[in-house]
Each structure stands twice: as C-alpha cells, then as structure tokens.
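The values are calculated or read from the model by the stated rules, or taken from the named source; none is laboratory data. Predicted, not measured: the structure shown is a model, and the values here were computed from it. Because the Cβ atoms are built from the backbone with ideal geometry, glycine has one as well, and the counts that use them run over all protein chains shown.
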Amino acid sequence: MSKPSLPQGTRDFGPVVVRKRNYILQTIRTVFELYGYEPLETPAMENMETLLGKYGDEGDKLIFKILNNGLSDAKNIEKGKAAFENVLLGKNDKNLTERALRYDLTIPFARYVAMNYGQLALPFKRYQIQPVWRADRPQKGRYREFYQCDADVVGSKSLINEVELCIIYATVFEQLGIDVTIKINNRKVLAALADVTEANDKFTAITVAIDKLDKIGIDKVKEELAANGLQDKQIAVIEKYISITGNVSEKLQALQILIGQSESGKAGIEALQYVTDSYLQYTGKQNLELDTTLARGLNYYTGCILEIKANGVQMGSIGGGGRYDDLTGLFGVPNVPGVGISFGVDRIYDVLEELNAFPAFTNSSTQVLFFNLGLQESSAAFTQMQLLRKSGISCELYHENAKFDKQFKYAEKKQIGHIVIIGTKELEQNVANVKNLTSGKQQTVPFSELATYFSNL
RNA sequence: GUGGUUGUAGCUCAGUUGGUUAGAGCACCAGAUUGUGGUUCUGGGGGUCGCCGGUUCGAGCCCGGUUAGCCACCCCA
C-alpha cells in the first residue's frame with residue numbers, strides 16, 4: 001500500500017489550528033449577528049448551469065466538475081462517449097457531468113435569493129461561512145479548498161449598507177487585534193475614467209492594469225495599457241488619474257475635476273463622499289482610505305468596492321467586497337441590488353500568526369489533568385473529575401496507571417495548566433494535591449473545595 | 001494552463017568526483033529513578049533515499065519520465 005496523501009491544494013487542520021481558526025470565525029460570526037445578519041448554508045455542489053458563465057472564461061476553467069454516476073450502464077455508454085468528445089473540445093456536456101463544486105458563496109446566494117424571493121423579508125441580510133473549491137494551481141496563501149466568510153445584503157440600494165459593512169470590517173479587526181486600512185473606491189468612478197479616456201471597450205483592461213499599480217509600478221502599468229491597445233493620449237489621462245494623492249477630500253476634489261462632468265463619475269463621487277463622511281461620523285476612525293487605484297477583478301461589481309490591507313505585515317488583501325446591481329437577474333429575478341463583503345480566513349490566520357496575536361486560550365481546551373495512581377485512586381479521581389466538569393471545568397483522567405514521568409509529559413504536551421494527584425494518602429484524608437505546572441507550585445485542597453478552587457483561578 | 005525549484009528516519013537536515021552495512025540533532029521507547037515532569041547519563045527501535053524506468057561491474061548521487069510540496073506568471077481569496 002502506498003503512503004496516504006491529500007489531494008493537491010487541500011489541507012488537514014489539526015486540533016491547535018482548528019481552535020485558532022474557530023476563534024477567528026467565532027469573532028466574525030458574533031459581529032455579523034450583532035449587525036442583524038442571518039446564517040445561511042448552501043450545498044457543496046450546485047448544478048453546472050448555476051455556476052457556468054458567472055465567473056468569466058477563466059473562472060469556468062477553474063470550476064471543479066463532478067463526474068456523473070452510472071456512465072457504465074449499457075444504455076449510457078454511447079451518450080457518454082459522444083459527451084466525452086465534446087469535453088475534449090472544451091465544451092461541457094450534461095451526459096458526462098451535470099454537477100460541480102461551488103466556486104464561491106455569492107452565486108449560490110444569488111441562486112438562493114432567486115429561488116426564495118417571494119418568501120424573503122427584504123432587504124435580506126445573510127452571512128455564510130463555508131468552504132469553496134477551485135481547480136487552481138496552489139501557491140502561497142492559495143488553496144484548492146478554502147473557506148469564505150461572506151456577509152451580503154440584497155434588496156436595498158441604500159448606502160447605509162456600505163457604511164455598516166465598513167464598520168463591521170473595522171469592528172472585527174479591532175477585536176482580533178489587527179491594525180487595518182479599509183480601502184474604498186467606486187466602479188462608477190472607474191467607468192467614468194474609461195469614458196473620459198474614450199476607451200469604454202477597454203474598461204476591463206484598464207481596471208486590471210491600474211489595480212496592479214502598487215505591485216508593479218507606474219511604468220509597467222503604462223506598458224500593460226499600451227500592450228492592450230491604448231493610445232499615448234489615453235494613457236496620459238489614466239496616468240493623471242492614478243497620480244491623484246492627498247486625503248479623502250483632496251482626492252475627491254481631484255476626481256471632480258477629472259471625471260466630474262460624467263454622469264457616472266458624479267454618482268460615484270457622491271457615493272464615496274457619503275460613505276466616507278458617515279463612517280467618520282459614526283466611528284471617529286481615520287482608517288477608511290479612498291484608493292482610486294483599487295479596482296478588483298470581479299466584473300459583477302457596479303458600485304462601491306472595498307478591500308482590506310493589514311498594516312505592518314507583508315500580505316495581500318485579507319478581505320474585500322462591493323456592490324452589485326443585478327446578480328439575481330442571472331436567475332430570472334431582475335432588479336435586486338446587493339452589496340457584500342468577504343473575509344479571507346486563511347490570510348487572517350497567517351497575519352495573526354505573524355503578529356503573534358492569538359490569545360492564549362486557543363492553545364488547549366483541557367484545564368486539569370487527574371493523575372491515575374491505581375484502581376481505587378483513579379475511581380476517586382473520576383468522581384471528583386465529574387464534579388469539576390459539572391462546574392464547567394474541562395478535565396481528563398490519565399487513561400492508565402503509568403509512571404509519573406509519563407503523566408507529566410502528557411500534560412506538558414497538551415499544555416494542560418494543572419494536574420491533580422489523588423493517591424492513597426490523599427484518599428484517606430479526602431484531599432487532593434493540586435499542582436500548577438507553569439509555576440511548579442503545589443498545594444493540598446479538600447475534595448469539597450476543588451470546584452471552587454478551579455473556578456476562582 | 002505556463003515556468004522555476006525541492007523531495008533522504010515521526011520532524012529539521014547532512015551525505016565528498018558514482019564505491020563496503022546511508023548519518024546527525026530533536027522526538028519516541030527502555031533503564032539509572034515503584035509518589036513529583038522539564039536537567040543529565042546509558043542503551044534501543046525506527047529508511048523501498050517520493051515513484052517508475054535507463055546508463056553503469058556498481059546509483060541517495062548521473063539521465064529520462066512521473067507524482068507531490070513550495071515559489072512565480074495568468075487569474076484570484
């Protein structure tokens with residue numbers, strides 16, 4: 001038998017890692033609930049037609065497809081062979097695969113809203129924390145199976161939602177102890193830029209290029225724009241745009257001059273003005289930054305777009321989101337606008353690890369280990385242990401009568417803070433010897449006071 | 001999908017121009033030590049050198065293929 005292994009790009013999460021991840025997820029979940037968002041879960045797999053065509057050509061290639069069952073049945077063999085020929089041509093065929101693993105949480109959410117539109121109390125605010133799958137090649141911070149952690153509100157055009165989502169970001173990262181900058185921009189501003197540049201047909205190319213500014217620098221951006229067929233005159237306008245600097249109001253003023261005459265530009269500037277003003281008014285924080293070069297790849301965004309940068313850490317964005325006008329239109333229910341945000345759990349984990357910012361309690365769940373010193377002794381220990389457990393103190397009894405050395409090492413390895421020794425001497429007097437493994441101090445505690453002793457630690 | 005790089009004990013890694021029986025540290029097990037761990041000492045178990053093939057009298061080392069990890073590009077979280 002060959003060595004067991006994992007599929008490419010997937011991971012096991014051991015006890016220590018799960019505990020730390022749960023801490024992150026629980027923090028996010030609690031804040032979502034605090035702001036009135038409701039939980040939703042959707043299946044790991046969706047029908048192929050639900051997913052295809054929603055993420056662009058690149059996206060379609062990265063969808064994990066599920067092979068149909070029963071292909072070897074006599075009646076299916078011919079259909080299967082024909083379907084396979086289709087697949088070899090790069091097409092999809094229902095006779096070979098009609099289901100696929102979900103690629104993100106937003107499209108399944110849109111599908112859910114479209115299916116339940118009549119029953120939902122609008123606006124519908126939901127959060128969803130589940131894994132998604134992509135047939136991408138793994139690299140740093142990038143996996144084939146990873147968790148997304150989304151909050152969206154659909155059925156409302158109000159910019160109050162944008163403001164609240166920014167505050168949710170700020171609250172979560174404050175609770176996690178990560179100093180962040182929330183970057184905001186608006187796709188309408190970008191559309192206006194394409195408009196005044198007279199390059200509406202090159203909108204995607206422009207956004208993709210300027211999004212890379214901080215990564216590759218202005219010269220490479222200009223090269224990329226030229227490679228995409230933009231004239232020098234047009235590139236000059238774009239250069240003017242990405243050179244905008246200053247604080248929020250200075251940037252907005254500069255935008256006003258550059259693209260304020262365009263309908264779309266005006267709307268985008270107004271939205272940015274409102275969201276940044278309100279955010280400052282409600283939080284008093286200065287960490288919401290207008291970043292005119294923020295573009296974000298996903299093409300369904302139509303309004304404000306957001307991205308989170310952790311300060312003082314070398315790491316890509318740890319969250320992002322934005323407004324989309326008509327996602328459910330893809331499923332036959334038009335005119336349901338929405339806006340949402342997403343947390344990058346894996347990267348947040350890496351940031352906390354790098355900052356050494358996980359709280360101590362994430363290290364171990366067991367607080368107390370009862371030593372096993374024989375049949376009589378361990379029986380008494382078990383009785384005391386159950387009393388502690390009733391008081392909410394997590395504890396365990398060493399599984400067999402082993403040497404002290406072994407029992408100590410077990411406690412040490414599991415980072416259990418205290419051990420309890422009940423031997424024949426202690427048994428006679430109804431007391432236990434309690435040792436704090438961190439300080440090395442030991443004291444004798446009567447059985448009747450054990451629970452109070454540990455509760456008061 | 002394209003390219004680079006790595007794969008030797010549970011973990012981190014040595015291994016000379018190809019040459020007897022592949023090593024170290026940590027971890028593990030046993031003893032010194034039958035009710036007080038973390039230190040120390042002694043001994044021990046553990047390997048298809050990722051996998052398949054080729055060159056050679058002889059391959060951990062050279063060549064080809066393959067697979068997995070890591071990294072970069074495309075794209076994205």
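Of all residues in segment A:184-226, which are surrounded by 20 or more Cβ atoms within 10 Å (Cβ to Cβ) and either of a type in the set (S, T, N, Q) or not in a helix (DSSP H, G or I) (or both)? Result: A:184, A:185, A:186, A:197, A:199, A:207. For segment A:109-126, the criterion of a residue being under 27 Å from residue A:323 (Cα atoms) and within 13 Å of RNA strand B (Cβ to nearest atom) is satisfied by no position. Taken over segment A:299-322, residues that are within 14 Å of RNA strand B (Cβ to nearest atom), in contact (Cβ under 8 Å) with a residue 60 or more places away in the chain and not hydroxyl-bearing (Ser, Thr, Tyr) amount to 13.
Of the listed requirements (1) at pLDDT 95 or above; (2) among the aliphatic types (A, V, I, L, M); (3) assigned to a loop (DSSP other than H, G, I, E, B), residue A:121 misses just one: (1).
Screening segment A:27-88 for helices (runs of 4 or more DSSP H) wholly inside it with 1 or more residues that are under 24 Å from the mean Cα position of the chain (by Cα) and surrounded by fewer than 17 Cβ atoms within 10 Å (Cβ to Cβ) returns the ranges A:56-61.
Right, residue A:259: in contact with an Asp or Glu (Cβ under 9 Å, 6 or more places away or on another chain) and away from RNA strand B (no atom under 16 Å from the Cβ) or not? Here the answer is yes, as residue A:259 does meet what is asked. Kindly indicate whether residue A:134 is at negative phi, at pLDDT 90 or above and of a type outside the set (A, V, I, L, M, F, W, C). For residue A:134, the condition - at negative phi, at pLDDT 90 or above and of a type outside the set (A, V, I, L, M, F, W, C) - is met. Filter segment A:383-405 down to the residues that are surrounded by 14 or more Cβ atoms within 10 Å (Cβ to Cβ), assigned to a helix (DSSP H, G or I) and within 16 Å of RNA strand B (Cβ to nearest atom) and list them by number. Listed by number, the list holds a single entry, A:384.
Would you confirm whether or not segment A:370-377 contains a residue that is under 18 Å from residue A:454 (Cα atoms) and surrounded by 14 or more Cβ atoms within 10 Å (Cβ to Cβ)? The answer is yes, given that some residue of segment A:370-377 is under 18 Å from residue A:454 (Cα atoms) and surrounded by 14 or more Cβ atoms within 10 Å (Cβ to Cβ).
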